[in-house]
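**Student:** Attaching a single structure in structure tokens format; questions to follow.
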Amino acid sequence: SILPADQELSAIFKEHFVIWKPRDTVGGDFYWVKKIKNGAVVIVADCTGHGVPGAFMTMAVNSILSEIVLKDKTVDPSTILKELDKLLKQHLNKGQHNRQVDDGLEAGVCYICDDHTLVFAGAKIDLYIKRAGELIRLRGINKGVGFRKSNPVKLENHILATDEEDAFYITTDGYPDQNGGLKDYAFGRTRFAETIEKVYRLPMAEQKKAFLDALEQYMRNN
């Protein structure tokens with residue numbers, strides 16, 4: 001019920017597709033989109049936990065993101081992640097005198113500006129950009145946010161001038177970590193990048209089908 005409606009995405013992107021296949025009815029993976037003055041904020045996140053525990057984290061993070069972006073008018077991706085890290089630690093451990101929660105999330109945050117600039121910061125989630133002749137991978141830092149035992153995160157933004165024909169891909173580990181194949185290994189980032197290279201010229205609706213076909217063929221009976 002908290003996931004963005006398709007029309008919210010259509011108001012931002014010329015074309016788009018979403019693959020969301022949770023293991024359970026609810027879970028910890030979600031995407032968050034808000035169109036704001038001078039642009040839009042787009043977030044893909046993976047909270048700790050599966051099923052109901054993951055869904056509770058998703059609800060908590062959704063509420064905090066609304067506070068950061070809509071109430072405080074923060075659009076800078078690295079600042080959003082830093083604030084998320086700080087506020088999650090505060091909220092999850094409020095009143096926990098003898099028992100502290102150590103949950104958190106991985107997230108990729110994009111601020112898409114109306115002047116065709118894209119700003120990205122990630123915590124264990126990367127952003128892939130396919131443009132003529134190259135596939136660019138903007139890497140997030142190698143740690144999540146919100147975890148009690150972690151130090152405050154140090155984040156920097158990637159800033160990129162975009163072109164009308166650029167295609168952008170962002171995923172949680174749900175897709176590349178899917179096991180399968182002849183040896184029951186993870187699908188992996190290399191195959192994920194190879195899939196982008198194969199399909200990026202197709203309309204987005206056809207790309208979605210190609211990504212799903214590649215995943216389902218690899219999963220076999222898993």
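**Student:** Give segment 108-118 a look and list any residue that's hydrophobic (A, V, I, L, M, F, W, C) and either within 14 Å of the chain's Cα centre (by Cα) or open to solvent by 30 Å² or more (accessible area, probe 1.4 Å) (or both), or say none.
**Tutor:** Val109, Cys110, Ile112, listed by residue number.
**Student:** In segment 173-198, which residues are open to solvent by 20 Å² or more (accessible area, probe 1.4 Å) and part of a strand (DSSP E or B)?
**Tutor:** Result: Asn179, Tyr185, Ala186.
**Student:** Which of (1) more than 19 Å from Tyr31 (Cβ to Cβ); (2) touching a residue at least 40 places away in the same chain (Cβ under 8 Å); (3) assigned to a loop (DSSP other than H, G, I, E, B); (4) of a type outside the set (A, V, I, L, M, F, W, C) is the odd one out, the single condition Glu165 does not satisfy?
**Tutor:** Unmet condition: (2).
**Student:** Of a type outside the set (Ser, Thr, Tyr), within 20 Å of Tyr111 (Cβ to Cβ), touching a residue at least 12 places away in the same chain (Cβ under 8 Å) and surrounded by 13 or more Cβ atoms within 10 Å (Cβ to Cβ) - does that describe any residue in segment 47-60?
**Tutor:** Among the residues of segment 47-60, not one is of a type outside the set (Ser, Thr, Tyr), within 20 Å of Tyr111 (Cβ to Cβ), touching a residue at least 12 places away in the same chain (Cβ under 8 Å) and surrounded by 13 or more Cβ atoms within 10 Å (Cβ to Cβ), which makes the answer no.
**Student:** Ok, one more. Output the qualifying pairs, or none if there are none: Cβ atoms under 7 angstrom, residues six or more apart or on different chains, first residue in segment 17-33 and free of Cβ contacts under 8 Å to residues at least 24 places away in the same chain, second residue assigned to a loop (DSSP other than H, G, I, E, B) and surrounded by 17 or more Cβ atoms within 10 Å (Cβ to Cβ).
**Tutor:** none
**Student:** I've got another one for you. Can Pro4 be described as over 25 Å from Leu215 (Cβ atoms) and either open to solvent by less than 30 Å² (accessible area, probe 1.4 Å) or over 17 Å from the mean Cα position of the chain (by Cα) (or both)?
**Tutor:** So Pro4 fails the test.
**Student:** For the subset of segment 120-155 comprising residues that are aromatic (Phe, Trp, Tyr) and within 13 Å of Ala107 (Cβ to Cβ), which member is most open to solvent (accessible area, probe 1.4 Å)?
**Tutor:** Top of the filtered list is Phe147.
The values are calculated or read from the model by the stated rules, or taken from the named source; none is laboratory data. Owing to the predicted nature of the structure, the values given are computational and were not obtained by experimental measurement. Backbone-built Cβ (ideal geometry, glycine too); neighbour counts: all protein chains shown. Please note that ligands, DNA and RNA were not included when accessible areas were found on the heavy atoms of the full protein model with its side chains. Shrake-Rupley method; radii C 1.70, N 1.55, O 1.52, S 1.80 Å.
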